[in-house]
Each structure stands twice: as structure tokens, then as C-alpha cells.
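J.: First the structure, then my questions, so here it is.
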Amino acid sequence: MVAAPCESACPANVDIPGFIALVAEKRYAEALRLHRERNPFAAVCSRVCFHTCEDKCRRSTIDAPVAIRAIKRFMVDQEITLQVPEIREDPKNAKRKIAIIGAGPAGLTCAYFLARLGYRPEIFEAEQRPGGMLVQAIPAYRLPREVVAREVRMIEQMGVEIITGAALGRDFTLTELRARGYEAIFLGIGAPEGTRLNIPGEDVQGVEDALTFLRTYNVRGSVPVGKRVVIVGGGNSAIDAARTAIRLGAEMVTVVYRRNREAMPAYEEEITEAEAEGVRLQLLTAPVEVLSEAGQVVGLKCVPVQLGEFDRSGRRRPKEAGEAFCIPADQILVAVGQILNLERIIPDIELRRNARGFIDVDPVTGQTSQRWLFAGGDAVTGPASVVEAVAAGERAAVGIDLLLTGQMHAFWRETKPVETSFDPDAEPEATPREMLRLLPVERRRHNFDEVELPWSESIAIRQARRCLRCDYGKRNGTQESVLHQAGEL
């Protein structure tokens, strides 16, 4: 059987050619239902997914990849009445107690798939609003809050109870949950603490973790911002913090990163949009000291670097290559990594760690060194993408069901036929790729309105028809597939 490259590249194994083919035929409700077979967060991922599927799209051998994320955005925007996926009720499962710690994408996804198997899991969330980093860290101009709330409501409608304001380690412990009869527990607690720079002077006033900065604004609605803001780091959190500072009135925002642009972990489109909004990139630059006067930051001392030998991560190691210089700053936001302080959160249970210091789990089931305890998301991988957290939540749901019943009942993993029109002998349409329109820079720099604007129906259908249907061999039960034709074009 042949799997399309895009589907193989998706951590959640969404049937991408299937839902695109349905969109091309204007069967939007069916397309969305197919997507939610493997990923409940279609609307969220249509806005913030890092779309590795597009990187593997064989249409790029002809001209440019299919705009999968943008097609998905159009698809979810057509939903009027919230659809609840297939649920296989089971009275025995409904009586079993399962606790999920953390209402982020991993925890919510785990609950979603458990609910589809007839369980009634309870989610304990430390904050007052579910969503985790979807609402605490990702700015609203990328992910409007009502989009998250809508998909959370869908999960609640499936019988999942979300208890907010209940923090692990503060309000309850794992030992207490076990004593209350919970047979299985999933940890989706993220990696909420930022990594320090470990350079002189970083403890002065005006230096803080970028995630704390983002979380404070997104939860409280306000946060102090300087006039000259420097962000250290090259990932999505760094770019999010920079663009947020611009919107809150910072006059000069500089992102300092020790490697080149190609090595930045942030999504390229986010970097490009940040530059258009006025964010300045200071690349191949390493911070060496925070400068201060009277206990308040006044600048960041840096040195230029060049890239040397490759390190263990597969990236070239920066090394000093010039004289030190100073970047004036009255606020420095640090976005160089995240850590998990497991002993503070879970002092009562001993868990095995992986090489990076996060929770070690079985890669197939998400099971930890404690048989009844499962984990997924950033608490296992470190900072990663939303769709990777979704995939981890699904795996853990299957693992929990296996623990409790001794069998796998993940019916959504079965290949389901999607009846659509397709001529494998037809030549691909000569249609160029179109990008989502963006809110003009002058209109978005001072507010948090959504930056990406939706397509019209005609554009979405035209773009969906660009798909080469590399899944054809999978659907007709043969090894023959148009992906071979694509490679010859």
C-alpha cells in the first residue's frame, strides 16, 4: 500500500489527499470529518501548523507545493454547526476513572480520543481557561481565541469534563488522584519554564523570559513593554514576543540569534511577517553580558560569530569572530529554550527522564516508567509543534485503552475509503500556487487582529485541484501511484 508523502510527513497521520479531494468537490463537512478522524484541532492547525506536509508535497517537482494549510483554513471556516465525531459508547469504559493533567493540545487530544472510545476522562487545568500554550503563548493575531474555544467546546460536548484552576503540585498530587480511584493518568503539563542565558548581569531589572512575557499579556491583557526591546533566540516564541512588543508600542525591536537565518527554528513566514512589521534581525551574534545602570538593563553586550564545526544537534557551532559591541535596550526577553522542573511539580512520584531531561516514555504508547502514568507533548519532547502534541495525545489515548482493556480499539486508524472523482491519466492542471492574503502592515502593527485572511471559495477549490493524488495507489489497493508520475514530470 502506498501512503502519500504529505500524509507520511504529518505527525498526526491526517488523510491529507482525502480531505483536499473532498474540498475540491465542495464536500466541506465530509472533508472536516475526515480530518478530525486523526486530529481534532483542524481550525487551530490551519493557522499555526508548521506544515511539514507541504515540504514533502510532490507537486513541488512540477512547480510549487499544494497550499495544504491554506486549504484547511478555508475548509474549517465553512463549518456552521459544530460537528462531533463518531463515538463508540461503552458502559464499562464510561465508569473507569481517567485523569488528564493539562488542557493543552496534548491533553485535550488525549481526552478527545478516549471519549471516542466511550471513556469520560476529566481534565485538570491550572489556568482559568483551557488551551494551554494555544491561548497562553501563541498571540491572537496568529490564533484567535474564539477558534481555540470552539474546538475545546467540541471536546466538551463529547462528555469530557474540564476542571480549571486546579494545578498539579499546588492543589493536588498524583498520589492523591490514585487514592481517589483514577486508574490511568496522562501528563500534558508542557515545559513551562524558560532557559537562562547564563551570562553576567542577567538578573537585573528588565530581563525576563519571553514565554512569561507572552503568557502575562495573553492571560491578563497587559504587560510592561520597553521602548528598545531585544529578544534573544530564533524560535517561534522569540518571533511571537518580538511581534507582540511591536503591537504594544515598542519603538525598536531586535531579535538576536547566534546562527544564520536558515538555521532559525521559527517558521519562515513568521520571520518574513515580523520583518515587514519592523522587527530587526541581528544574526550571527552571541550575547555575552547584560549591561545595566542602577539595577536596570541598558543594553546587551554581544560578539559577532561565525559558524564552525557541526555539533551533536547537527548544526554548526558558533565561534567568536570579532570585537564586542552593545545593543541598547531597556528590556531583554530571553527565548533560548524551555525546561521542565519535574521535582517541583511531581515531588511524590519518581519518573525516568530522557537524555534531554524531559519525561521518558514509550514512543508507541506514551507510557512512562510508572505503568499507570502516561505523558506527551512538550513535557516529553521539549518545545515542539502543536501537531506533534496532537499526535502524542492520540498515542497516549490508545496506550491508556490498551492498559485498561488489554486490547487496541483505535478504530480511527483504519483506512476508510473516500469516494471522489479522479482520473489518474489526466495531466496535472497548470495552476500556480496562491498564498493567503495578509492584513496590510499599517493595519496590523498596532492591534492583534488576525493577520492571515481567508480565501474565497473559487481560489480554495482551484488550489485543491492542484493535488496530484499521490494516495491513488493506496485507495485502489495497488502499488501503482501517481506519485511516480509526479517524479517523472
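J.: Does region 87-110 hold any residues that are touching a residue at least 60 places away in the same chain (Cβ under 8 Å), in contact with a Phe, Trp or Tyr (Cβ under 9 Å, 6 or more places away or on another chain) and not hydrophobic (A, V, I, L, M, F, W, C), and which are they?
T.: 88, 93, 96, 97, 102, 105, 107, 109
J.: So which of 351, 333, 402, 342 is of a type outside the set (Gly, Ala, Ser), in contact with an Asp or Glu (Cβ under 8 Å, 6 or more places away or on another chain) and farther than 30 Å from residue 254 by Cβ? Before you say what the answer is, go through the steps one by one.
T.: On the way: 333 fails: farther than 30 Å from residue 254 by Cβ; 402 fails: in contact with an Asp or Glu (Cβ under 8 Å, 6 or more places away or on another chain); 342 fails: in contact with an Asp or Glu (Cβ under 8 Å, 6 or more places away or on another chain).
On inspection, the qualifying residue turns out to be 351.
J.: Here's something else I'd like to know. Output the qualifying pairs, or none if there are none: Cβ atoms under 8 angstrom, residues six or more apart or on different chains, first residue in region 163-189 and in the same structural domain as residue 375 (by TED's automatic domain parsing), second residue surrounded by fewer than 12 Cβ atoms within 10 Å (Cβ to Cβ) and of a type in the set (D, E, K, R).
T.: Sorted first by the residue in region 163-189, then by its partner, the pairs are 169/344; 173/348; 174/348; 175/348.
J.: Within region 100-115, does at least one residue satisfy the condition of being on the phi < 0 side of the Ramachandran plot and surrounded by fewer than 22 Cβ atoms within 10 Å (Cβ to Cβ)? Steps first, answer last, please.
T.: First pass over region 100-115, keeping only residues on the phi < 0 side of the Ramachandran plot: 100-101, 103-115.
With the extra rule that they be surrounded by fewer than 22 Cβ atoms within 10 Å (Cβ to Cβ), the set shrinks to none.
There is no residue in region 100-115 that is on the phi < 0 side of the Ramachandran plot and surrounded by fewer than 22 Cβ atoms within 10 Å (Cβ to Cβ).
J.: Continuing with the same structure: Yes or no: residue 220 closer than 23 Å to residue 248 by Cα and free of Cβ contacts under 8 Å to residues at least 12 places away in the same chain? Before you say what the answer is, go through the steps one by one.
T.: On the way: closer than 23 Å to residue 248 by Cα: yes; free of Cβ contacts under 8 Å to residues at least 12 places away in the same chain: yes.
Spelling it out, residue 220 is indeed closer than 23 Å to residue 248 by Cα and free of Cβ contacts under 8 Å to residues at least 12 places away in the same chain.
J.: If you scan region 41-66, which residues turn out to be under 13 Å from the mean Cα position of the chain (by Cα) and not in a helix (DSSP H, G or I)?
T.: So the first thing to find is which residues in region 41-66 are under 13 Å from the mean Cα position of the chain (by Cα), and the list is 41-52.
Those that are under 13 Å from the mean Cα position of the chain (by Cα) and not in a helix (DSSP H, G or I): 41, 49, 50, 51.
Matching residues to (1) over 23 Å from residue 342 (Cα atoms); (2) of a type outside the set (Ser, Thr, Tyr):
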position	(1), (2)
70	yes, yes
80	yes, yes
85	yes, yes
91	yes, yes
98	no, yes
104	no, yes
112	yes, no
116	yes, yes
121	yes, yes
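J.: Determine which member of the set 429, 434 is of a type in the set (D, E, K, R), surrounded by 13 or more Cβ atoms within 10 Å (Cβ to Cβ) and touching a residue at least 24 places away in the same chain (Cβ under 8 Å). Please lay out each step first, then the result.
T.: On the way: 429 fails: surrounded by 13 or more Cβ atoms within 10 Å (Cβ to Cβ).
None of the other options fit; the residue is 434.
J.: A follow-up question, please. Among the residues of region 4-23 satisfying the criterion of being of a type in the set (A, V, I, L, M) and buried (at least 22 other Cβ atoms within 10 Å of the Cβ), which is farthest from residue 80 (Cα to Cα)?
T.: Looking only at region 4-23, we keep the residues that are of a type in the set (A, V, I, L, M), and these are 4, 9, 12, 14, 16, 20-23.
Filter again for buried (at least 22 other Cβ atoms within 10 Å of the Cβ), leaving 4, 12, 14, 16, 20-23.
On the way: 4: 30, 12: 25, 14: 22, 16: 22, 20: 19, 21: 21, 22: 17, 23: 16 Å.
Looking at residues that are of a type in the set (A, V, I, L, M) and buried (at least 22 other Cβ atoms within 10 Å of the Cβ), I get 4.
J.: Hey, any hits in region 117-127 for a residue that's of a type in the set (Phe, Trp, Tyr), buried (at least 19 other Cβ atoms within 10 Å of the Cβ) and not assigned by TED's automatic domain parsing to the domain that holds residue 157?
T.: For region 117-127, residues of a type in the set (Phe, Trp, Tyr), buried (at least 19 other Cβ atoms within 10 Å of the Cβ) and not assigned by TED's automatic domain parsing to the domain that holds residue 157: absent.
J.: Any idea which of 96, 73, 33 is within 30 Å of residue 176 (Cα to Cα) and either surrounded by fewer than 24 Cβ atoms within 10 Å (Cβ to Cβ) or hydroxyl-bearing (Ser, Thr, Tyr) (or both)?
T.: On the way: 73 fails: within 30 Å of residue 176 (Cα to Cα); 33 fails: within 30 Å of residue 176 (Cα to Cα).
The unique qualifying residue is 96.
The values are calculated or read from the model by the stated rules, or taken from the named source; none is laboratory data. Given the structure is predicted, the values throughout are model-derived calculations rather than measurements. Cβ atoms come from the backbone with ideal geometry, glycine included; neighbour counts cover every protein chain shown.
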